[in-house]
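Read through the structure below, which is laid out as structure tokens, and then see the notes.
The values are calculated or read from the model by the stated rules, or taken from the named source; none is laboratory data. Here the structure is a predicted model, which is why all the values come from computation and not from measurement. Cβ atoms come from the backbone with ideal geometry, glycine included; neighbour counts cover every protein chain shown. What goes into the accessible areas is simple: the full protein's heavy atoms, side chains included, and nothing from ligands, DNA or RNA. Shrake-Rupley method; radii C 1.70, N 1.55, O 1.52, S 1.80 Å.
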Amino acid sequence: MRSFRKLFLVQLKLYLREPVAFFFSLAYPALLLLLFGYIYGNEPAPEFWGRNFGTVDASVPAYTGIIIGTVALMGIPIDTASSRENGVLRRYRATPLRPAIYLAASVAVYLLVALLGMLILVVTGKLIFDLRIAGAWLNVLAAFLLSALAFFAIGYIIASLAPTARIAQVVGMVIFFPMMFLSGAGMPLQLLPENLRRVSDFLPLSYVVRLIQGLWFGDPWAELWLPSVILFGIFIVGTMIASRLFRWE
Amino acid sequence: MQAQEIITVENLYKHYGQVKAVDGISLQISASEIFGMVGPNGSGKTTTIECIEGLRQPDKGKVRVLGLDPEKDFYALREIIGVQLQACNLPARMRVEEALDLFASFYQHSVDWRALLDDLGLTEKRRSFYNQLSGGQKQRLFVALALINRPNIVFLDELTTGLDPQARRATWDLVRRIREQGTTVFLTTHFMEEAERLCDRVAILDHGRVIAMDTPNSLVSQLGMSRRVTFEINGHSSGATKIANHAASDFNPALLGVVEGVQKVDQDGNEVVVHGKGNGLVGELVRALENAGVSFTNLRSEQANLEDVFLALTGRAIRN
Ligand SMILES: Nc1ncnc2c1ncn2[C@@H]1O[C@H](COP(=O)(O)OP(=O)(O)OP(=O)(O)O)[C@@H](O)[C@H]1O
Ligand SMILES: [Mg+2]
């Protein structure tokens, strides 16, 4: 597994050398948190959240959804399609490197990056706004993993279907941005009019927010079976399709 | 010594829609030779070499490389060949040393890449990002990547395209050194001179077919034209152009056709090219011209080369 390790390390370095990607996946959600944290504070608002939590407490798990969406729907399609377009993947293909190892190393990098983004959110919340969590960290982490893997599969499918990097970028944006606002990730669903709120039932990112936020607030898995099952389904089916569709050139 | 065939290609076909990229090619390459495929743009060099490497699937035909089927034994073949692609890249922000270290890890056996860097004169560039390298440095990096597993055969597609003449010569030396270490070299180029100077054997491709294959020397001598003499009729200064054109239209090529050793006379404006053989050819031509009172300038004599072979076989010059 020497090639997995090397590929993982090199790709991680490459990611960190890319300031724009770095900013959007790591710093941007934390900036949002700072902004809305200062505006609304983190006083418990049971009348709004239905339980004893404040804006920051609810935003950290929701923004985790933004991070997963950014990495999966912007980062993965653009990186993968442009590596294919400019012939980086062709060069790999001329070596004994197996596609599965390439994909595993890349997925590991994206997971780590997303995890780092979440960590920055949590630390910002803890240090500045006295962030509260009622659920178990391990559950939140498991939900994070499931959500990220499900969404990464979607990202790789977009990357494979898009003929060019430019199209991959546009498709990623068109899917991600509306979803960010209509899923509860970018802003609470309670702020949306009733009919728009319905739309969220059809957006995969909504289930990420429901699952992570639910576990964060301390709901048991049993109450969250619907988002869990949906995300698990996307993960299984998506991974099958993504690995079928993956192409070096 | 019995030459051992390590690459065999039989009746290879690859069509892209109407384009017959490879149209029935057969080749045999023996161990430790430098084999070159040469031909104009779009003649099918890359398609052929990539079918042999297993990177493209031929429509028809049989390919064996070191006894392996490039399609079925795809990964086994990767381990023992090295590939430099005509069109590929590395990530812009990947460092030279990272690339070598990474690619070395893909193989079961790899050489010490530091020595390889040294060999290719890239040691000072080891910390540079890929996108900071010049074209020639990128080429050398790709050669290094192609050699990193100490391959039995290395495939080099358009190795020297985009290099200046000095870098090109240095690359030829490098290719010769690779061969001296026992590696078979299969290369493509559209520089006839390169094929002639570097390759033990050359296949000339045109429209997806091999139109000639032999050592450069035999190809040229089979042509039966050993020499080419070029001169201009009285056109040495621009002021004289008018007169020269006049003189050119007066000039009768048949005048030289009868000179001993001359095989063919071509005239293009005031430039005349005489193909022929024999040691006394130049002297005979000068005498004939002076006797006829033709004033000429800029007379030079060159050995016939692969460009002439291509011209003779296709009726076209290889460029354009
Ligand atoms: N993937 C492809 N799809 C469609 N047509 C292709 C493809 N690859 C090659 N061709 C066509 O096949 C022909 C041969 O191309 P090839 O790249 O093999 O030529 P070449 O001899 O390597 O040319 P060059 O000197 O420009 O590198 C060309 O007409 C080209 O347009
Ligand atoms: Mg080519």
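Tabulated data for the structure shown
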item: Choice from A:GLY218, A:GLY238, A:GLY65 showing the highest fluctuation, given a GNM over chain A with Cα pairs closer than 10 Å; result: A:GLY218
item: Residues of chain A: accessible area per residue with a 1.4 Å probe, Å²; result: 44 Å²
item: Net dipole in debye of region A:146-249 [+1 Lys, Arg Cβ; -1 Asp, Glu Cβ; about Cα centre; nearest 20]; result: 280 debye
item: Cross-link pairs B:LYS45/B:LYS72; A:LYS6/B:LYS20; A:LYS13/B:LYS62; B:LYS45/B:LYS138; B:LYS20/B:LYS125 - those with Cα-Cα distance over 31 Å; result: A:LYS6/B:LYS20; A:LYS13/B:LYS62; B:LYS20/B:LYS125
item: Residue mean of other protein chain beta carbons inside 10 Å, A:10-19; result: 3
item: Centroid-to-centroid separation of region B:257-320 and region A:182-237 [C-alpha atoms, Å]; result: 83 Å
item: Protein-only accessible surface order, largest first, of A:GLU85, B:GLU271 at 1.4 Å; result: A:GLU85, B:GLU271
item: Sequence of A:MET74, A:MET179 when ordered by accessible area, the most exposed leading, probe 1.4 angstrom; result: A:MET74, A:MET179
item: Accessible-area composition of chain B, carbon plus sulfur, in percent [1.4 Å probe]; result: 45 percent
item: Listed residue (A:VAL140, B:PHE35, A:ALA21) projecting farthest to the positive dipole end of the protein assembly as shown, Cβ model; result: A:VAL140
item: Phi-based couplings in Hz for region B:138-150 (Karplus 6.51, -1.76, 1.60; Gly and Pro marked x); result: 4, 4, 5, 4, 5, 5, 4, 5, 6, 9, 5, 9, 6
item: Residue-averaged beta-carbon neighbours from other chains (10 angstrom radius) around A:243-249; result: 1
item: Anchor B:LYS277: aspartates and glutamates whose Cα lies under 13 Å away (excluding residues fewer than 8 positions away in-chain); result: B:GLU260, B:GLU302
item: Per residue accessible area in Å² of chain B, where ligands, DNA and RNA are left out and the probe is 1.4 Å; result: 46 Å²
item: Residues along region A:88-116 losing 20 Å² or more of accessible surface when the other protein chains are present rather than the chain by itself (probe 1.4 Å); result: A:VAL88, A:ARG90, A:ARG91, A:TYR92, A:ARG93, A:ALA94, A:THR95, A:PRO96, A:LEU97, A:ARG98
item: Listed residues B:SER105, A:VAL60, B:ILE153: farthest to the positive end of the dipole of the protein assembly as shown (Cβ charges); result: A:VAL60
item: Cα gyration tensor, region B:42-200 - rounded (a/c under 1.5), prolate or oblate; result: oblate
item: Heavy-atom accessible area, 1.4 Å probe, ligands and nucleic acids excluded: residues of region B:54-90 down by at least 20 Å² from chain alone; result: B:LEU55, B:PHE74, B:TYR75, B:ARG78, B:VAL83, B:LEU85, B:ALA87, B:CYS88, B:ASN89
item: With DNA, RNA and ligands ignored, accessible area of A:LEU145 (1.4 Å probe; Å², nearest 10); result: 80 Å²
item: Apportionment of accessible area to carbon and sulfur, region A:70-224, percent (1.4 Å); result: 70 percent
item: Reach of B:LYS60 by Cα under 15 Å, taken over aspartates and glutamates that are not fewer than 8 positions away in the same chain; result: B:GLU10, B:ASP23, B:GLU50, B:ASP69, B:GLU71
item: Sparsely packed trypsin sites (Lys or Arg not before Pro) within region A:38-115, loop by DSSP, other Cβ within 10 Å at most 16; result: A:ARG51
item: Cα-based shape type of chain B, given that a ≥ b ≥ c are square roots of the gyration tensor eigenvalues and the cut on a/c is 1.5; result: prolate
item: Chain pair B, A: total accessible area buried, heavy atoms, 1.4 Å probe, Å²; result: 2500 Å²
item: B:CYS88 - accessible surface, heavy atoms, 1.4 Å probe, Å² rounded to 10; result: 20 Å²
item: Global geometry of the protein assembly as shown, whether rounded, prolate or oblate, following the gyration tensor of its Cα atoms and the 1.5 cut on a/c; result: prolate
item: Amide proton proximity set for B:SER30, modelled H, under 5 Å, gap of 5+; result: B:ILE6
item: Per-residue HN-Hα couplings for region A:10-23 [Karplus 6.51, -1.76, 1.60; θ = phi - 60°; Hz; x = Gly/Pro]; result: 5, 5, 5, 4, 4, 5, 6, 7, 9, x, 5, 4, 4, 4
item: Lys, Arg +1 and Asp, Glu -1 on Cβ, resulting dipole of the protein assembly as shown about Cα centre, debye, nearest 20; result: 900 debye
item: Computed lengthening from A:ARG166 to A:TYR38, 0.36 nm per intervening residue step minus Cα-Cα distance; result: 42.4 nm
